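Below you'll find the structure, written out as structure tokens, and then a few comments.
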Amino acid sequence: MMQMKESAESVRESDAIAVERTLAGDRDAFRVLVERHSQNVFRLSYRLVGNRHDAEEVVQEAFLRAYQKLSQFEARSNFGTWVYRIAANYAIDRMRKQRKEEARREMPIVNTNEGIEQDPLSTIADAAPTPERLTQSIELRKKMQEALDALTHAERTAFVMRHWEGCGIEEIAAVLESNSNATKNTVFRAVQKLRRMLEPFVETRKQAQAMGTES
Amino acid sequence: MKHPTEEDLIGYHEGEGLRRDELTTHLAGCEECRAELQRIEAVLKALDTLSVPDPGEDYGRRVWQQIAPRLSEKRTRWWESWIEPRRLAAFGAVAALIIAAFLAGRFTKRRDTGPEALSPVQVRERVLVVAVGDHLGKSEMMLVELSNAEPLQAGQKEVNISAEQRRAEDLLEENRLYRQTALQDGDAGLASVLDELERVLLDVAHSPQEVTPAQLEAIQERIAARGILFKVRVVGKELQQKQEAPKPLPAPNDPTKKERNKA
């Protein structure tokens, strides 16, 4: 699921020791867990909430909650997966609250620039950044953000965890408190919706690129 | 092989193992399906370009610095989950019920000396009948409201069912305790209905707070499919009749209970 430098088994063992020591009262032992898993939790959180500021808050809250509930953590489980689940659940709650607030304030849903340090599409090697291409890239990125925002929380979580984080269906089902079949359907619905919303723009972009190559 | 559906192709792209070999073979020979898969992949590939900013090598250390001062709060111990307000309320309700049953039993014993007097066991049963009847009434009301819920406006994307969810959560705790009591009393029929009700309550309590109209419809269909509203009504009615009956409650091995258990 997560990219780690150390082998999964040694990470798990080391995590188990850190959990044990924390439970025994050694607060600093928790530091090992925070430092080891923060990057992965940040990546998941960023993809769920869509901006850096919120993602960082989700990470902090996830570790605080993990610390408070550590006695409920089962020794045979994987700490990384567990904290991942806490982060995903918290991110979902947070998104719900934000959506409600946004609806109250009648603010536009899409926020295209916040938290993105560079235009990710500008890193695509296939095109020189002509003004037209740049405009299309920005437009497509905006559409992608809109499409992700249009998914329900469950769909977005399922898609992010499955497609980007490579989580198993069972693991996603545990976060969504659903069963495997319903979770598979949620992933499918998410991809289907994204496809419906983005395919015309992806096609346009491909055609434009093809025309640009020809000319 | 028939052409795979869009769902099959998405599953295939996401690495699903089901019918994988069959699909690989089909895709190798079917240009149309290959093109369809490529279109799906093109969208997902475009989405992959939405990169995540690198939080930096020392991110873990920074997170630790930010949360360390807040870790002084005590960790939740295993037994602390048992003293959550909601759980306490449910336990309180049942404890009050037991005390009421006990007191009522003693009271009845002293005053009633005739042949129609209720035994403490019967009084306890009667108190439980009232409490379970009330619980079923509240459950029925919540299920009816949920079954009739619909988007306020046409085209509304999400329906908020958080109020029903909170009620389902509260009812869930009570339901568990009544089900266990019914089982202990050997009332398998009531326990079975409460067991089914518990599944529905769990389903509602674990649904998202805001559901799409399709999800709401699915919940309503699940409620309808189990026929739980009908069962709750029937048992509720039966309990109400028992409450209103002037004669003493039947003994634990009474034939009507046996009849319900059989059903």
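Assorted remarks:
- Residues A:164, B:64, ranked from the fewest to the most other C-beta atoms within 10 Å, line up as A:164, B:64.
- The 3J(HN,Hα) values that the Karplus relation (6.51, -1.76, 1.60; θ = phi - 60°) gives for segment B:227-240 are, in residue order, x, 5, 4, 4, 5, 4, 5, 4, 5, x, 5, 4, 5, 5 Hz. Gly and Pro appear as x.
- When peptides B:46-53, A:38-45, A:63-70, B:15-22 are ranked by their average number of other Cβ atoms within 10 Å per residue, the highest-first order is A:38-45, A:63-70, B:46-53, B:15-22.
- Shown is the FRET efficiency for residue A:138 and residue B:162, computed with R0 = 51 Å from the Cβ-Cβ distance and rounded to the nearest 0.05: 0.85.
- Shielding of peptide B:37-49 by partners, expressed as the average count of other chain Cβ atoms within 10 Å per residue Cβ, is 6.
- The modelled label-to-label distance for the pair residue A:181/residue B:34, using points 7 Å beyond Cα in the direction of Cβ, is 3.5 nm.
- FRET efficiency estimate (nearest 0.05) - Cβ-Cβ, residue A:196 to residue B:100, R0 45 angstrom: 0.15
- The distance between label points at residue A:146 and residue B:66 comes to 3.1 nm (points 7 Å beyond Cα on the Cα→Cβ vector).
- Segment residue B:130..residue B:21, full-extension length gain: 33.2 nm, with 0.36 nm per residue of separation and the alpha-carbon distance subtracted.
- Two-site FRET efficiency, residue A:77 against residue B:240, from Cβ-Cβ distance with R₀ of 56 Å, rounded to 0.05: 0.75
- Using θ = phi - 60° in the Karplus curve 6.51 cos²θ - 1.76 cosθ + 1.60, the 3J(HN,Hα) couplings for segment A:196-202 round to 4, 7, 9, 3, x, 6, 5 Hz; x is entered for Gly and Pro.
Just so you know, all these numbers are worked out from the coordinates, no wet-lab data involved. Small disclaimer: the values here were computed from a predicted structure and weren't measured. All Cβ positions, glycine included, derive from the backbone under ideal geometry; neighbour counts span all protein chains shown.
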